[in-house]
Amino acid sequence: MIALLRRAGVARMPLSLYNLLFFTFLVAPIIVVVAASFTAGNAITVPYHGVSLRWYRRLIEYRPFIDSLMTSVYLALSSAFVAILLAVPAAIALGRSRSAVAAALTTFLLAPVAIPALVIGFSLLYFLSSLGIGVSFVALLIAHTVISVPYVMRTVLAVYRNVGINFEEAAAVLGANRWQRFYFVTLPLISPGVFAGALFAVLISLDNLPVSYFFGTANVTTLPVVMLSYLQNQLDPAIASISTVQMLIAIGLLLVVERTYGLRALNA
Amino acid sequence: MQTVDAFAAQRVETKVIKRRVRPSLLYVPALIFLCLFFLAPLMENVLRSVAPAHEGGAISLRFYTKLISDPYYLRVIANTLKVSFVTTAICAVVGYPVAYFLVRRAGRFGPVLLFLLVAPLLTSIIMRTFGWRILLARHGMVNETLQALHLIDRPLNVLNSAGSVYMGLVHVMVPFMVLSITPVLQGVDRRLEESARILGAGAVRTFLNVTLPLSIEGIVTGCILVFMLTNGSFVTMLLLGGGQVVTLPVLIFQQFSLTQDIGFAAAMGNLLLFIVLVCLFVQQRFASGRGARP
């Protein structure tokens, strides 16, 4: 019996070891960048010789980083907001329907997530400029909203379908009208899905390079675009510190949603 | 009195049902928005790719002919598919044991490991790629460690090669694979495995004949997802490939920023789109095929 147990334990060792290696592989590049952001030297490496915040000071001095970070955050929040306005009503309208038309519409509204973002950005650039909307914040907002709609739609659909119709029926029987039912019953029930979807949309927007790349101007451009051109022109640890700042923003947003609704909604 | 109540209740009920059945038009704003800013630009892109060579001419397929007749572009197309295919295969092989571990063995570490799996998605792709540049550099940590362990004499030139691109791609994509497999693996009935063991199958045979076939659906979902995502990615190739790995998105990116050959870039974008649509079609077929099974 003991021999059997030991054999089972030994058989399990390789799998545990493999997973230890795997998760090291997964987090290593991130930890290295965070460490490199505190280096005191000029070389981009883990700080062997002293820790400093000089590369964070560089962020404040180098205007494009701060400006584009503000643009990125503002853009991510506003495109997520517009996406909520568009996707939440659509999800409610289509979520419970079983018709083929509704299924087709749902597929269409979820489609932008499956199309290579590079192709969307490229096509939209020429389309918008022919409409007279040149590269500008508005163009960026439209492009990012196209990408965000499916994310909000998907999480809201999942939560709304899970909730079931009983609550709304009860409200209707008790005499609530359409708006009262939406505001007092449906909205509180689906809000975890709305927030989770908006969080996804914000995270995707913050990191989006393929779409933003086409719409940057000298004055209005997003952080990933600035980071890419910085990387191509000069190599110093400032990239590591701006990456760390961006990661902290993302973690902060995640914690807010987690505190408010729990992360279960993210599994949707 | 009772009949009146019942009558009233029935009226309310039909009203509710009517409301439910009545098609709601709340999806219209989203539909208009995406038709205008998603569908129309893609359609225009198709038109642009077959634009006549000169004013007033007939539609022309010259960009597509160029794509499929020039050996260089044919190589790029083949390379795009190869990179996606290899990345997908590596992700499946690397990711399956992780999914298995998460579902069956992780126990109380489960939530922590799940967080570690999702954590990379919180960082920008530039950050992760940059991390690999630091690690794989000539005098980076990987080389220094391997040298300190006397496993190699001279630093390896891994950066700016196909190898480092695959490393970066697998790092970005493997969480999607694991997250596709875990829910399916979770749904596998443990009693079936127990039955196989009782009937005399060994651990390996049980895994190969019972567990793996039952979780194949998650693997296929993950493979299609990773294949599509890899097809569209270019940041990793740009920052880790050093020009060694050229795929369609990289070429589109270059066409746009260097040569400004818009019609040709449009044609390449459509080809990429076509590959994605084929993937989606296969996925749909697979999903419906599964639904038909009892």
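Values in this text are rule-based calculations from the coordinates and carry no lab data. Bear in mind that the values here come from a model prediction, so they are computed numbers and not experimental data. We place every Cβ from the backbone using ideal geometry, glycine too, and count neighbours over all the protein chains shown.
The simple spin-label model puts a point 7 Å past each Cα toward its Cβ; for B:Asp261 and B:Phe115 those points are separated by 5.1 nm.
Given C-alpha coordinates of chain B, what is the ratio Rg to Rh with the Kirkwood estimate of Rh? Can you show the working numbers first?
Details: Rg = 26.2 Å, Rh = 23.7 Å.
My calculation of the ratio gives 1.11.
So if R0 is 22 Å, what FRET efficiency would A:Ala40 and A:Ser229 give, r being the distance between their Cβ atoms, rounded to the nearest 0.05? So the FRET efficiency works out to roughly 0.25. For A:Thr39, the residues whose modelled amide H falls within less than 5 Å of its own, excluding neighbours fewer than 5 places apart on the same chain, are A:Ser52. Calculation over all alpha carbon pairs of segment B:189-294 in 10 angstrom steps from 0 returns a P(r) of 13, 27, 23, 17, 13, 6, 1 percent.
Classified by the C-alpha gyration tensor, chain A has an oblate form. Its axis ratio a/c, with a ≥ b ≥ c, is 1.5 or above, and a/b does not exceed b/c.
Using the Cβ-Cβ distance between A:Glu258 and B:Asn157 with R0 = 45 Å, the FRET efficiency computed as 1/(1 + (r/R0)^6) comes to roughly 0.60. Modelled spin-label separation between B:Arg105 and B:His54, with each label point placed 7 Å from Cα along the Cα-to-Cβ direction: 7.0 nm.
Per residue, the Cα convex hull of the protein assembly as shown amounts to 221 Å³.
How much length, in nm to one decimal, is gained on full extension between B:Leu280 and B:Leu192, taken as 0.36 nm per residue of separation minus their Cα-Cα distance? Intermediate results must be reported in sequence, preceding the final value.
On the way: separation 88, 0.36 × 88 = 31.68 nm, distance 3.18 nm.
Full-extension gain reported as 28.5 nm.
Going from the residue with the fewest nearby Cβ atoms within 10 Å to the one with the most, B:Glu144, B:Glu217 rank B:Glu144, B:Glu217.
Within 10 Å of each residue's Cβ, count the other Cβ atoms and sort B:Cys35, B:Cys279 from fewest upward. Display every interim value, and only then the final one.
Values: B:Cys35 12, B:Cys279 18.
With the fewest neighbours first, B:Cys35, B:Cys279 line up as B:Cys35, B:Cys279.
As a rough footprinting exposure proxy, the listed residues B:Leu151, A:Leu248 were ranked by other beta carbons within 10 Å of their own, and the order from fewest upward is B:Leu151, A:Leu248.
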